[in-house]
Structures are given as structure tokens and as C-alpha cells.
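*Asks:* Please read through the structure below; I'll follow up with questions.
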Amino acid sequence: MILFVAVRTQGDRPDALRNGPVAGPAEVSVACGRMGRMRNDEGTSEGKDAGAGTGRSDGPGELPEYAERVLDVAELIPSGRVMTYGDVAEWLGEGGPRQVGRAMALYGGAVPWWRVVRSDGVLLPGHELTALGHYREEGTPLREAARSAEGHLPRLDMKRARWDGEGADAGEVAHI
């Protein structure tokens, strides 16, 4: 990330400030990344009562409750079928597509992550080839890309591949 900061030299400063120190480069927050840091260096939530009532767990090695529920849904999706981030949130009755995406990004490596997808059927950026291999292996319906499409990668055929949760085992669903 390149950050341009305008810094005035002493010659540019108003007369009242000429004898003071020259401003240095601006500080950049540690949390300037796309999602930022959600915990401080000690591993605890920042601020008093941070995370209270949000289902976050602070124990080492424990998944936040919401993330655990998202991963449980991902494991229910049958081979060759997909659910969108929004479908998962709607199915859980909590959160939204961004919260589901965040949970999958942080904790989804041990579940079939390729079955939770964008609503437009575009393959997950940075994981296209891995996901495509899984889709082809499972027989997930795909739409071939137009020759003018960047990289000529297919998309998911959302009309045929989308799973609505019907037919899920009631015993598995009950614990979510």
C-alpha cells in the first residue's frame, strides 16, 4: 500500500508557526488493512465489554459461536451444490453475507469452503483454480466463460447449483 502524505517544510509554514518543529510523516494505523485487526496483541477484545453479546469467544483455540454455525452449514451443503453467503446468513437467521464471508475467510479452511459462494457465480478470487478443481470433481454445474472474459474461467451455474437446504438431515440441523 502506498500512502502519499503532504508534509509542509518550514518555508511553507505561517509566520506564527515558523519556530516550531516541522511535521513528520503521518502515522498509519495498524488496522488499515481491508478488514483490520479485531483483537489487540494480548488476544483479548479491545475496549471494555467489547464483543459482549456478539457470540465471540475469547478462549484460545475456540471458534466464535457464529463462525461455528456458519461452518456447520457449509458442511451440510451436498457435494455438487452451493449456497451463497447471503443464503447461509438467511438460513441461520442471523448476520449477513459479509459476516458469513468473514467467518469463512478466517475459519473455513477445514470445511468445503468452495460450496459457499458469491451470488453472481464468480469463483473466489485467488482460489479460482482450486475451487474449479473441486467443482469439476463434484460435478457442480458450471457456465463456460465467454472468450472475452478475463482468464476465461467459468462461473457457477447458480440456477442449477444453488441448494436451498431442503433435504438436510433434521438431526444435523437441530444443533445449528
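The values are calculated or read from the model by the stated rules, or taken from the named source; none is laboratory data. Since this is a predicted model, take the numbers as computed values, not measurements. Cβ: placed from backbone, ideal geometry, glycine included. Neighbour counts: every protein chain shown. Surface areas here come from the heavy atoms of the whole protein model, side chains and all, with no ligands, DNA or RNA. Shrake-Rupley method; radii C 1.70, N 1.55, O 1.52, S 1.80 Å.
*Asks:* With each label point set 7 Å from Cα along the Cα-Cβ vector, what nm distance links LEU129 and ARG143?
*Replies:* 2.5 nm
*Asks:* May I ask you to rank TYR85, TYR135 by accessible area, largest first, using a 1.4 Å probe over the protein chains only?
*Replies:* Largest to smallest exposure gives the sequence TYR85, TYR135.
*Asks:* If I take R0 = 25 Å and measure r between the Cβ atoms of ALA168 and GLU90 in this structure, what FRET efficiency does the formula 1/(1 + (r/R0)^6) give, to the nearest 0.05?
*Replies:* 0.95
*Asks:* Here's another thing I want to ask about it. Determine ³J(HN,Hα), in whole Hz, for all residues of the range 83-92 in sequence, where each value follows from phi through the Karplus function 6.51 cos²θ - 1.76 cosθ + 1.60 and θ = phi - 60°; x replaces Gly and Pro.
*Replies:* 10, 7, 4, x, 4, 5, 4, 5, 5, 6
*Asks:* Amide H to amide H under 5 Å from LEU142: which residues, 5+ apart in sequence or cross-chain, H placed 1.01 Å off N in plane?
*Replies:* Here ASP157 satisfy the definition.
*Asks:* What accessible surface, in Å², does a 1.4 Å probe find on ARG118, ignoring ligands, DNA and RNA and rounding to the nearest 10?
*Replies:* 90 Å²
*Asks:* What residues qualify as long-range amide H neighbours of GLY95, i.e. H under 5 Å apart, gap of 5 or more or another chain, H built at 1.01 Å from N?
*Replies:* Answer set, sorted by chain and number: none.
*Asks:* Moving on to the next point. List the residues whose amide H sits under 5 Å from the amide H of VAL117, counting only those 5 or more places along or on another chain, with H placed 1.01 Å from N in the peptide plane.
*Replies:* Under 5 Å from the amide H of VAL117: MET83, THR84, TYR85.
*Asks:* Something else: Stretch LEU106-SER79 to full length: gain in nm at 0.36 nm per residue minus the Cα-Cα span?
*Replies:* 7.5 nm
*Asks:* Spelling out what I want: for every residue of the range 93-101, take phi, set θ = phi - 60°, compute 6.51 cos²θ - 1.76 cosθ + 1.60 (Karplus), and round to whole Hz; glycine and proline get x.
*Replies:* Whole-Hz 3J(HN,Hα) from phi for the range 93-101: x, 7, x, x, x, 5, 5, 5, x.
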